Amino acid sequence: MFIVPRYHKRVFKSLFFVTLQVGVGLTISVKSVVAQPVESSEQPQVEFPIPSASSEEKALNTNANEDISPQFNRYLLDTGDSLTVIVQRPPGLYRLGIGDSIGVTVQRFPDLSFQASINPEGNIVVPLLGIVSLQGLSLQEAEAKIRSGLNRYVIDPIIYLSLAGQRPDLSFQAPVNQDGNIIIPQVGQLSVKGLSVEEAQEKISLALSRITSDPVVVSLAQMRPVQVTITGEVFRPGIYSAGSAMPRITDILPLAGGSTLTADLRQVQIRRKLTDGSIVSRNIDLYAALQSGGSPPNLRLQDGDAIIVSRREPGTDDGYDRNLVARSTLAVPQIKVRVLNYAGGGIGTQSLPNGSTFLDVLGSVPLNTANLRDIALVRFDPEKGKAVTQRLDAKKALAGDASQNVALQDNDVTVVGRNLVGKLTNLLSTITQPYFNVQSFIRFFENFGNGLFGGSSK
């Protein structure tokens, strides 16, 4: 018979108890992990929004469009800006500072009474005591300090200290001059060009510390006028003055007439020249915001910025809805569509809102006499450099067939009349040399119409 010593029994019981406790503890503390359903974050599409004034102060989004580098996110001071500098007196008890005047009356000893102004070092000169610093003291503290000093020469002096004159208000407004400097009263010139408002506040506070210890708050009183250059695929490239102090790119594009048909709003470049002469650039995807119905990039333009709207490269139209762009405020607001028909007596030009469809141009077509079953829509293809013809049935379009009610583009030509369509189709099929540009395409149709009808375009 195997006998276990009593000592080993105690050790075994202890180990068993510890093992039991650990097992129970793990059973209680470890929770089972189960898969949780993920809530959908999909948002319904909305029209392209123009951010309200309240949204301008919101924090930047974390998507790639909103990850804006400091060079584009900070407003840097330059000629034409104006700053407001407020020198604030601390709240609570009045504290003596540079420029304050005090009056001290010493009873029984009129010769020791005096008036003095606190000098730029924060000191005054007191009879018998010499230089005494009062900077930052309340009136009661200053009185006690002078009494303590005079007590060495006069037994229990009775003095009264009063504020004879407050220091002048050092607040001021300063425009940034051509050299990038501001003028600080009692200090002189100070360069702030290329600084942010926060950096300018630190520099101005340091300069004013020689004449005051009061807190300094700097704000932008007036922003310089903003002029930006717009080039690339816009209707009217050029230099434009913005209507607001800190415009967005969506404010500027309409000034240039909007983007053209061949613009690629996925690749809009903004270039900015920094104060050290270096150039930084950033690509902005306006199409993504337009497509999702979200807000455009929260990037503020500054004076001297250049905007370059890229041209769509051949073969990059997949997923790019030109009709969506046409209906937005980022495109040319008006398009010109030419209508060539016998009943109208020649070729006429019709101005329509961008985003118009085939049905909109039918307003200039005599529906009672025209052959509505066979209308040709001729469009210049800039990638191929040639005309592309699409045959449409206006009656089906009027009956609600969406496939026949196509979206129109700038410089489209609508040809009405079976014979006219046939002649034009045959003529286009004989042209082997591509058009040089859309202007050549338009001149062809003007000459074609004038040759048929013997007149000029309307």
Residue list for region 253-307, filter: over 16 Å from the mean Cα position of the chain (by Cα), more than 27 Å from Thr79 (Cβ to Cβ) and among the acidic types (Asp, Glu): Asp264
- prompt: Residues Arg373, Arg379, Arg443: which one is surrounded by fewer than 17 Cβ atoms within 10 Å (Cβ to Cβ), among the charged types (D, E, K, R) and either on the phi > 0 side of the Ramachandran plot or at pLDDT 80 or above (or both)?
  reply: Arg373
field: Residue that is farthest from the chain's Cα centre (by Cα) [pool: residues in region 351-370 that are open to solvent by 40 Å² or more (accessible area, probe 1.4 Å) and at pLDDT 75 or above]
entry: Gly363
- request: Collect the residues in region 210-240 that are open to solvent by less than 70 Å² (accessible area, probe 1.4 Å) and among the hydroxyl-bearing types (Ser, Thr, Tyr), keeping them in residue-number order.
  value: Thr212, Ser219, Thr229, Thr231, Tyr240
statement: Filtering region 283-299 down to residues that are touching a strand residue (DSSP E or B) at 6+ places or on another chain (Cβ under 6 Å) and more than 22 Å from Ser241 (Cβ to Cβ) yields Asn283, Asp285, Tyr287
statement: Pairs returned, first residue in region 77-96 that is closer than 30 Å to Leu301 by Cα, second residue that is open to solvent by 70 Å² or more (accessible area, probe 1.4 Å), beta-carbon separation under 6 angstrom, 6 or more apart or interchain, are Asp78/Lys193; Thr79/Gln178; Ser82/Pro175; Ser82/Gln222; Thr84/Gln173
query: In region 200-243, which residues are among the small types (Gly, Ala, Ser), part of a strand (DSSP E or B) and farther than 30 Å from Arg322 by Cα?
result: Ser219, Ala221
message: Take residues that are under 30 Å from Leu77 (Cβ atoms) and tell me which of the strands (runs of 3 or more DSSP E) falling wholly in region 117-191 contain 3 or more.
response: 172-175, 181-184, 188-191
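Residue by residue, here is whether (1) out of contact with any Ser or Thr (no Cβ under 8 Å at 6 or more places or on another chain); (2) among the small types (Gly, Ala, Ser); (3) within 30 Å of Gly180 (Cα to Cα) holds:
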position: Phe235; (1), (2), (3): no, no, no
position: Ser259; (1), (2), (3): yes, yes, no
position: Ala263; (1), (2), (3): no, yes, no
position: Thr275; (1), (2), (3): yes, no, yes
position: Asn283; (1), (2), (3): yes, no, yes
position: Gln291; (1), (2), (3): yes, no, no
position: Arg311; (1), (2), (3): no, no, no
position: Leu324; (1), (2), (3): yes, no, no
position: Arg327; (1), (2), (3): yes, no, no
query: How many residues does region 113-152 hold that are open to solvent by less than 20 Å² (accessible area, probe 1.4 Å) and more than 55 Å from the chain's Cα centre (by Cα)?
result: 4
task: Considering (1) in contact (Cβ under 8 Å) with a residue 24 or more places away in the chain; (2) surrounded by 14 or more Cβ atoms within 10 Å (Cβ to Cβ); (3) at negative phi; (4) touching a Ser or Thr at 6+ places or on another chain (Cβ under 7 Å), say which one Gly194 fails and leave the rest.
output: (3)
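The values are calculated or read from the model by the stated rules, or taken from the named source; none is laboratory data. Only a predicted model underlies this, so the values are computations on that prediction, with no experimental measurement involved. Here Cβ is always computed from backbone atoms with ideal geometry, including for glycine, and neighbour counts include all displayed protein chains. What goes into the accessible areas is simple: the full protein's heavy atoms, side chains included, and nothing from ligands, DNA or RNA. Shrake-Rupley method; radii C 1.70, N 1.55, O 1.52, S 1.80 Å.
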